Amino acid sequence: MINKRLLIKHLLAHNDENSFYDKKRRLNIGEKEGKAKFLKHVCALANSNPKNNSFIVIGVEDADNSVIGTDFFDDSKIQNLINAYLENPPKVTYENISFPHLPNDKVVGLVTIRAQEEKLCALRRNIWKYYGGSVFFRDGSMSMPKVFKSDIKDTNSSIVNALEKHAQNNIKLTLDGVFDFMQTRKDYQPTYKVFNEYFVVCWAGKKKQTKEKVYYSRVDIALINEQVTLFYSQLDEVSIEIAEDAFVIVEYVRLGFNGSAQYYPLEEVTIRFKNNVSYDIENKLLFQPPAFDKKALYHLYNSNNTLLEKLHKKQQLNPIEKQDVLNLPASYVLFYINGFEGALDKLEDAKAVLKSYPNEKVYISYKESLRILRKLRYN
């Protein structure tokens, strides 16, 4: 079992980016340019490493390799994006890795890419300035379009195997991880469970008891053996169910208008532990979009557009409008899933003004809304 934090340290110690490793300060696949560049790098790394893993580390300064962290990226559907845009797509996973020196809301992203052996990866269709059919390879630290040559040699397997071997987990790393989690999450009654006598899962969250069920907010769940943060939520609520060989999380999102918001189940994540010292993470979308009266929606849509215009013009808002700003991103999500195609453009248009808005909760709400949209669109 590979300790992913240790693997990242070994990659960073490997000096510059190369044909099996890339690093980025941040990842932005919410915009067309960022999505295109990400797909280009995945394609190039897969083609340059046909027989071993390649990696992209997110949250690292390029100049000095300092680990600055990035936002938690809860995107279990990233493989769907890869499959949609790449021919002979590699297997791609995105994991959030905790580092002790980072704030609680920051992690390091680790993208692991495993190519389909002896199958060339190429863009399936046009995106941004890259044309469908383009083939990319790594040229040093650059991902470049190239004409395929049959004499491409595998020169990295021994290096990558050695890196992964030196990142193997051990009892000290596991115990250190458990104690570190218990100390840093002590405000929310942290606990742990051992599955199949090997895997250690720690979790903590603000508990909310109802008549029927227990929910948690501000949840942090970590698979200690690999130092992977599996789920983190500041705004939403989740339920947790534990079986003998499974850890099940159901995420809920709060959506609605004018103070009438309700919680809707969004996604179920099941971590299933096997007897052969391995595990699977299964994701199942549960979301059933709430339907509203079309006439009322048109009125609300125009009201939100007027509010957005006032934000752009930096006009003073009344107390009710200030409250509505908090709900603006989630409102545009509801408009979109109820057939208002222009709502996505409005949400993108709102990014700059919401990011600079004095109440930081507004931009957090914007990022949460984008996360929900990614899950829905990739499905």
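The values are calculated or read from the model by the stated rules, or taken from the named source; none is laboratory data. Everything numeric here is computed off the predicted structure, so don't read it as measured data. We place every Cβ from the backbone using ideal geometry, glycine too, and count neighbours over all the protein chains shown.
Values as computed for the structure displayed
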item: Total residues in segment 167-197, condition over 26 Å from the mean Cα position of the chain (by Cα) and surrounded by 14 or more Cβ atoms within 10 Å (Cβ to Cβ); result: 1
item: Segment 267-278 residues that are surrounded by 12 or more Cβ atoms within 10 Å (Cβ to Cβ), paired with ones that are basic (Lys, Arg) and at pLDDT 85 or above (beta carbon under 6 Å, 6 or more apart); result: GLU268/LYS284
item: Hits in segment 100-116 (condition: surrounded by 23 or more Cβ atoms within 10 Å (Cβ to Cβ) and β-branched (Val, Ile, Thr)); result: VAL107, VAL108, ILE113
item: Residue in segment 325-346 that is farther than 30 Å from GLU268 by Cα and either in contact (Cβ under 8 Å) with a residue 60 or more places away in the chain or buried (at least 16 other Cβ atoms within 10 Å of the Cβ) (or both) present; result: no
item: Members of segment 238-253 that are surrounded by fewer than 15 Cβ atoms within 10 Å (Cβ to Cβ) and touching a Phe, Trp or Tyr at 6+ places or on another chain (Cβ under 6 Å); result: ASP245
item: The listed residue being exposed (fewer than 15 other Cβ atoms within 10 Å of the Cβ), in contact (Cβ under 8 Å) with a residue 12 or more places away in the chain and within 30 Å of PHE181 (Cβ to Cβ), out of LYS119, LYS77, LYS91; result: LYS91
item: Test: GLN209 is over 17 Å from MET1 (Cβ atoms) and either surrounded by fewer than 16 Cβ atoms within 10 Å (Cβ to Cβ) or of a type in the set (S, T, N, Q) (or both); result: yes
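Residues checked against (1) in a loop (DSSP other than H, G, I, E, B); (2) in the same structural domain as ASP105 (by TED's automatic domain parsing); (3) farther than 30 Å from HIS101 by Cβ:
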site	(1), (2), (3)
ASP22	no, yes, no
ASN28	yes, yes, no
LYS40	no, yes, yes
CYS43	no, yes, yes
LYS51	yes, yes, yes
ILE56	no, yes, no
ASN65	yes, yes, no
PHE73	yes, yes, no
ASN83	no, yes, yes
